[in-house]
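J.: The structure under discussion is supplied below as structure tokens; questions concerning it will follow.
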Amino acid sequence: MQSRSQSSTVVLGTGGTIAGTAATRGDHIGYQAAQLGVGALLGGVPGLSEVALESEQVAQVDSKDMEPAVWQALARRVAHHLGRPEVSGVVITHGTDTLEETAYLLQRVLAPAKPVVLTAAMRPATALHPDGPQNLLDAVHLAREPGVQGVVAVLAGQVYSGLEVRKQHTYRLDAFGAGDAGPLALLEAGRLHTLRPWPAGVPLGLDVIDVDPALWPRVELVSSHSGADGSLVAALQQMGVAGVVVVGTGNGTVHQRLEAALLAAQAAGMKVWRSTRCAEGRVLGKPDDVLPAAGTLTPYQARVELLLQLLAERKGLRPG
Ligand code: ASP
């Protein structure tokens with residue numbers, strides 16, 4: 001059996017700010033994301049030359065434009081490499097904007113026994129003090145640590161579960177968190193300090209997303225706010241939307257007019273879940289809830305979960 005120090009780590013590039021470039025070194029906001037290849041990113045990290053690495057460019061996108069087809073391609077490549085006995089873990093470079101959606105999807109679909117580590121950057125590669133190289137170095141370290149498993153994300157020295165990670169700041173270098181759950185581990189000077197168990201669970205399997213993306217059920221977000229009404233819900237029903245996650249107020253409460261429209265849509269077959277627009281906390285469900293609560297899931301995680309459940313249902317699989 002190979003120890004992790006002899007084994008190979010595969011780094012999959014998908015784009016994002018970590019691969020972004022700007023015209024001037026001081027520009028942190030006017031850059032173009034997804035410009036440098038994953039090989040160039042690795043070449044910019046001192047300390048990786050002695051590590052057995054392979055790299056592959058799966059996509060080159062600004063993650064605000066993430067698409068189901070990229071998720072499919074990425075999940076397939078991750079599964080392929082994890083299936084190779086000589087590969088002990090996979091790293092994915094990604095944009096920060098939708099990293100939490102990709103991480104959630106990969107953990108639910110693959111629930112890997114080896115580590116799959118997403119990382120990203122808040123500043124482009126051309127910045128005077130870019131955060132990408134350290135994050136990438138940390139991600140490679142983490143993917144080679146014995147005992148680590150599941151889909152996780154490492155940014156600014158904090159390691160988060162793929163089921164919990166979320167972007168919570170627009171600009172700061174430590175822009176990520178995991179709500180009340182907090183980080184799983186810390187990476188300090190290359191040393192791992194584990195706080196909680198690694199993500200585990202029964203994978204849905206690649207088969208669940210192996211459907212032409214044009215045929216994926218449509219799941220949308222609708223928010224509750226002052227003056228909200230049900231007209232958007234009616235429009236979504238007409239468009240054939242299969243599921244709605246309502247971004248509720250407080251503990252997942254919904255304006256009475258919007259709620260009436262959602263209850264009618266649910267009675268007509270649309271799946272409706274309640275999440276919250278609060279930055280922290282979860283939706284605590286009650287036994288008599290008619291619209292199910294999304295619990296600890298953010299609206300965006302809940303959207304991915306509902307999408308996967310609808311895909312699983314269509315395939316006659318149990319969502320688990
Ligand atoms: N728009 C970028 C992206 O998500 C932002 C980033 O990576 O920080 O790809």
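The values are calculated or read from the model by the stated rules, or taken from the named source; none is laboratory data. All values derive from a computational prediction rather than experimental measurement. All Cβ positions, glycine included, derive from the backbone under ideal geometry; neighbour counts span all protein chains shown.
J.: Any chance you could count how many residues in the stretch 135-178 are more than 23 Å from residue 64 (Cα to Cα) and free of Cβ contacts under 8 Å to residues at least 40 places away in the same chain?
T.: 1
J.: Could you grab me the full set of residues in the stretch 79-105 that are out of contact with any Lys or Arg (no Cβ under 7 Å at 6 or more places or on another chain), surrounded by 21 or more Cβ atoms within 10 Å (Cβ to Cβ) and within 15 Å of residue 148 (Cβ to Cβ)?
T.: 90, 91, 92, 103
J.: Would you pick out the residues in the stretch 178-230 that are in the same structural domain as residue 279 (by TED's automatic domain parsing), small (Gly, Ala, Ser) and part of a loop (DSSP other than H, G, I, E, B)?
T.: Those that are in the same structural domain as residue 279 (by TED's automatic domain parsing), small (Gly, Ala, Ser) and part of a loop (DSSP other than H, G, I, E, B): 224, 226, 227, 228, 230.
J.: Residues of the stretch 195-233 being touching a residue at least 40 places away in the same chain (Cβ under 8 Å), exposed (fewer than 15 other Cβ atoms within 10 Å of the Cβ) and out of contact with any Ser or Thr (no Cβ under 9 Å at 6 or more places or on another chain), which ones?
T.: Within the stretch 195-233, 200, 201, 202, 207, 210, 213 meet the criteria.
J.: When you go through 93, 24 one by one, which is the residue that is closer than 22 Å to residue 192 by Cα and either assigned by TED's automatic domain parsing to the domain that holds residue 144 or touching a residue at least 12 places away in the same chain (Cβ under 8 Å) (or both)?
T.: It is 93.
J.: Further question: Which is farther than 17 Å from residue 89 by Cα and in contact with a Lys or Arg (Cβ under 6 Å, 6 or more places away or on another chain), of 156, 189, 175?
T.: Just one listed residue meets the conditions, 175.
J.: Considering only the stretch 35-48, how many residues are among the aliphatic types (A, V, I, L, M) and at pLDDT below 95?
T.: Residues in the stretch 35-48 being among the aliphatic types (A, V, I, L, M) and at pLDDT below 95: 1 in total.
J.: Let me ask something else about it. When residues of the stretch 237-252 are filtered for being in contact with a Lys or Arg (Cβ under 8 Å, 6 or more places away or on another chain) and either among the hydroxyl-bearing types (Ser, Thr, Tyr) or in a helix (DSSP H, G or I) (or both), how many remain?
T.: Of the residues in the stretch 237-252, 1 are in contact with a Lys or Arg (Cβ under 8 Å, 6 or more places away or on another chain) and either among the hydroxyl-bearing types (Ser, Thr, Tyr) or in a helix (DSSP H, G or I) (or both).
J.: Taking residue 189 as the residue in question, decide whether it is under 27 Å from residue 75 (Cα atoms), surrounded by fewer than 16 Cβ atoms within 10 Å (Cβ to Cβ) and not hydroxyl-bearing (Ser, Thr, Tyr).
T.: Considered against the rule, which asks whether it is under 27 Å from residue 75 (Cα atoms), surrounded by fewer than 16 Cβ atoms within 10 Å (Cβ to Cβ) and not hydroxyl-bearing (Ser, Thr, Tyr), residue 189 comes out as no.
J.: I've got another one for you. Just to be sure before I move on: is residue 139 at pLDDT 95 or above and under 28 Å from residue 36 (Cβ atoms) in the structure I sent?
T.: Yes: the conditions hold for residue 139.
Matching residues to (1) at pLDDT below 95; (2) within 28 Å of residue 177 (Cβ to Cβ):
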site	(1), (2)
50	yes, no
54	no, no
65	no, yes
70	no, yes
81	no, no
93	no, yes
110	no, yes
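J.: Under the condition of being small (Gly, Ala, Ser) and modelled with pLDDT under 95, which residue from the stretch 162-213 is nearest to residue 115 (Cα to Cα)?
T.: Among those that are small (Gly, Ala, Ser) and modelled with pLDDT under 95, it is 190.
J.: Then there's this: For the stretch 104-131, what are the residues that are of a type in the set (Gly, Ala, Ser) and farther than 16 Å from residue 61 by Cα?
T.: Hits for the stretch 104-131 are 111, 113, 127.
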